[in-house]
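A.B. asks: The structure follows.
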Amino acid sequence: MSYTVDRRIVVYPVYVNSKLTVKEGRKIPLSDACENPNAHEVYESAMRLGFKAELQDKCYSRDYMQRGRIRVELKDENGKPVNDSITTRKELLTAIAKLVPTTMARKKRGEPAKEDDPIGLPKLLNTKEEKKAQKGGKKKK
């Protein structure tokens, strides 16, 4: 996908995070927001809504520790909405926040990810032994 003028909308996970204030970057009401979303969950939600989306490795400007952003094509080249039920940025953010708790990435938290995962989520460590093996250090006798 190459665009001469990038008309896609930028969505950071911070925009739909219920744990943050409006001052910290949340863009939707607290009642509509979801708890601690990550970039993969937001990307999966946008794809499930039928939008063309791209996951990028960028940092949020107010908090550089927040990694990942999603570029979503809300309208096509002619200016018509891709999804007729979602026409504005706020509607898109609200719809994404409602879908995040149902994503596969959210369900897989705490479980090891499969190698054939379609959206390429990193493998999560589940047990204490796996975490210790990853850390290294002294081994008990």
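The values are calculated or read from the model by the stated rules, or taken from the named source; none is laboratory data. A quick note: this is a predicted structure, and the numbers were derived from the prediction, not measured. Side chains are part of the model used for accessible areas, which takes the heavy atoms of the whole protein and leaves out ligands, DNA and RNA. Shrake-Rupley method; radii C 1.70, N 1.55, O 1.52, S 1.80 Å.
A.B. asks: Being open to solvent by less than 90 Å² (accessible area, probe 1.4 Å) and either assigned to a strand (DSSP E or B) or among the β-branched types (V, I, T) (or both) is the filter here, so list the residues in segment 44-64 that pass it.
C.D. replies: If the condition is that a residue be open to solvent by less than 90 Å² (accessible area, probe 1.4 Å) and either assigned to a strand (DSSP E or B) or among the β-branched types (V, I, T) (or both), then A53, E54, L55, Q56, C59, Y60, D63 are the ones that fit.
A.B. asks: Checking G79 against (1) open to solvent by 10 Å² or more (accessible area, probe 1.4 Å); (2) not in a loop (DSSP other than H, G, I, E, B): exactly one of these is not met. Which one?
C.D. replies: It is condition (2) that G79 fails.
A.B. asks: Give segment 1-59 a look and list any residue that's of a type in the set (V, I, T) and over 19 Å from N83 (Cα atoms), or say none.
C.D. replies: T4, V5, V14, V16, T21, V22, I28, listed by residue number.
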